[in-house]
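Laboratory data are not the source of any read-out in this text; all were calculated from the coordinates shown. Small disclaimer: the values here were computed from a predicted structure and weren't measured. Every residue, glycine among them, receives a Cβ derived from its backbone with ideal geometry; neighbour counts consider all protein chains shown.
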Amino acid sequence: MYKLNHILIIDDDQINNLFSQIVLEDADVTSLVSVCHSVPEALDFLRDAETTFNTAFPDLILLDISMPTMDGFDFLDRYYALGYNERHKTFISMFTSSDEQDHLNRVQKYEVVVGFISKPLSLPTLNNILALQDNTRAENNLP
């Protein structure tokens, strides 16, 4: 498993964000962790990352499903509509606090999604997500 350049957390729960940052930093799996608290903020962040090159576009996005106003699926719809899935090799894992079958069914149409994360993020879960990402890269001959 290689070290990622950039992981973006998109979650309105500040405590979960802080906890996730600590897990990611302790695991030393990335050079940079960024946090956005809403879908609009995340979309602005990605636009800036793509156009200004001040920050690397994320290798992995940890995306909360349940957020006010716009949820994780709204983010995925816009992510695809903006063509990020075609221009970048970013994978997305979804934070969830439930095992709703509807979420599992809805996510099937987004090939960039690799797994679900039960809150809070743990080291074993992180390792599983990174292994899924590695396997998906290898299966699709991605760098």
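Restricting attention to the range 34-70, and to residues there that are among the acidic types (Asp, Glu) and surrounded by fewer than 17 Cβ atoms within 10 Å (Cβ to Cβ), which single residue is nearest to residue 24 (Cα to Cα)?
Among those that are among the acidic types (Asp, Glu) and surrounded by fewer than 17 Cβ atoms within 10 Å (Cβ to Cβ), it is 41.
On the given criteria, is residue 46 in a helix (DSSP H, G or I), aliphatic (A, V, I, L, M) and closer than 15 Å to residue 75 by Cβ? So residue 46 fits the description; yes.
Taking the residues in the range 46-64 that are out of contact with any His (no Cβ under 6 Å at 6 or more places or on another chain) and hydrophobic (A, V, I, L, M, F, W, C) as candidates, determine which candidate is nearest to residue 20 (Cα to Cα).
62
Here residue 31 qualifies as hydroxyl-bearing (Ser, Thr, Tyr), closer than 23 Å to residue 135 by Cα and not in a helix (DSSP H, G or I). Please list, ordered by first then second residue, the pairs with beta carbon atoms under 8 Å, 6 or more apart or interchain, first in the range 37-53 and within 17 Å of residue 83 (Cα to Cα) and touching a residue at least 24 places away in the same chain (Cβ under 8 Å), second in a helix (DSSP H, G or I) and among the charged types (D, E, K, R). The qualifying pairs are 39/74; 39/78; 43/78; 50/87.
A single entry from 55, 51 fulfils the requirement of being among the hydroxyl-bearing types (Ser, Thr, Tyr), farther than 15 Å from residue 10 by Cα and either in contact with a Pro (Cβ under 7 Å, 6 or more places away or on another chain) or in a loop (DSSP other than H, G, I, E, B) (or both): 55.
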